[in-house]
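Participant: Structure below; questions to follow.
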Amino acid sequence: MAFKVNGIESEDDLKKAQAAALAQGASVPNYQDWANILGTLQEAGVESTGSYAGDKAKLKQIEQEVENFIQEMQEQQIADQRKQEQEQVKDTSESDKDQEIKATVANATSSMIMADYMKYYHLMS
């Protein structure tokens, strides 16, 4: 037999209602689940709505908000990571350009030196 309860504000109120129900040979519907929900709400600092359905809906809402917050934080973290990677690629590209210019100058210089050497070698022979 189910025992109807309203105005439950805390786990203590729920325990008292369960004790009263058991004394009458009944029990509070969803007692264990409701006790867990009340405990979670109390840990979060959220007041009870006074009913099982209301507390369950409030807990679902809080869980959804926390999930959305976590998802937003993960998306922000991914965006920050991508931005950092793009900046690193840009820095690497600029560094590669500098290295390419240095290599071109070095190749041109060594080619010029080799050409001069060959010119003098042929003149001396």
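The values are calculated or read from the model by the stated rules, or taken from the named source; none is laboratory data. Quick caveat, the model's predicted, so the values are computed rather than measured. With ideal geometry, Cβ positions are generated from the backbone for all residues, glycine too; neighbour counts draw on all protein chains shown.
Participant: Could you give every pair whose Cβ atoms fall below 8 Å, whose first residue belongs to region 56-73 and is within 24 Å of ASP33 (Cα to Cα) and at pLDDT below 95, and whose second residue is assigned to a helix (DSSP H, G or I) and not polar (S, T, N, Q), counting only separations of at least 6 or pairs across chains?
Facilitator: LYS56/ASP33; LYS56/TRP34; LYS56/ILE37; LYS58/LEU41; LEU59/ILE37; LEU59/LEU41; ILE62/LEU41; ILE62/ALA44
Participant: Answer yes if at least one residue in region 86-103 is charged (D, E, K, R) and either at pLDDT 90 or above or not in a helix (DSSP H, G or I) (or both), and no otherwise. Write out each step before concluding.
Facilitator: Kept after step one, since they are charged (D, E, K, R), are these residues of region 86-103: 87, 90-91, 94, 96-98, 100, 102.
Filter once more, keeping what is either at pLDDT 90 or above or not in a helix (DSSP H, G or I) (or both): none.
No, region 86-103 contains no residue that is charged (D, E, K, R) and either at pLDDT 90 or above or not in a helix (DSSP H, G or I) (or both).
Participant: Can you tell me which residues in region 1-21 are basic (Lys, Arg) and either modelled with pLDDT of 85 or more or more than 13 Å from TYR52 (Cα to Cα) (or both)?
Facilitator: Residues satisfying the conditions are LYS15, LYS16.
Participant: For region 26-46, give me the residue count where each residue is over 16 Å from LYS60 (Cβ atoms), in contact (Cβ under 8 Å) with a residue 24 or more places away in the chain, out of contact with any Phe, Trp or Tyr (no Cβ under 9 Å at 6 or more places or on another chain) and not hydrophobic (A, V, I, L, M, F, W, C).
Facilitator: Number of matching residues: 1.
Participant: Still on this model: For ALA35, are the conditions met, namely being within 27 Å of the chain's Cα centre (by Cα) and in a helix (DSSP H, G or I)? Reasoning before the result, please.
Facilitator: Details: within 27 Å of the chain's Cα centre (by Cα): no; in a helix (DSSP H, G or I): yes.
Considered against the rule, which asks whether it is within 27 Å of the chain's Cα centre (by Cα) and in a helix (DSSP H, G or I), ALA35 comes out as no.
Participant: Hey, another quick one. Kindly provide the set of residues from region 16-25 that are part of a helix (DSSP H, G or I) and touching a residue at least 12 places away in the same chain (Cβ under 8 Å), ordered by number.
Facilitator: Matches in region 16-25: ALA17, GLN18, ALA20, ALA21.
Participant: Among the residues of region 1-15, how many are assigned to a helix (DSSP H, G or I) and surrounded by 13 or more Cβ atoms within 10 Å (Cβ to Cβ)? It would help to see each step written out before you state the result.
Facilitator: Initial filter on region 1-15 (assigned to a helix (DSSP H, G or I)): 11-15.
Next, from what is left, pick out any that are surrounded by 13 or more Cβ atoms within 10 Å (Cβ to Cβ): 11, 13-15.
Counting residues in region 1-15 that are assigned to a helix (DSSP H, G or I) and surrounded by 13 or more Cβ atoms within 10 Å (Cβ to Cβ) gives 4.
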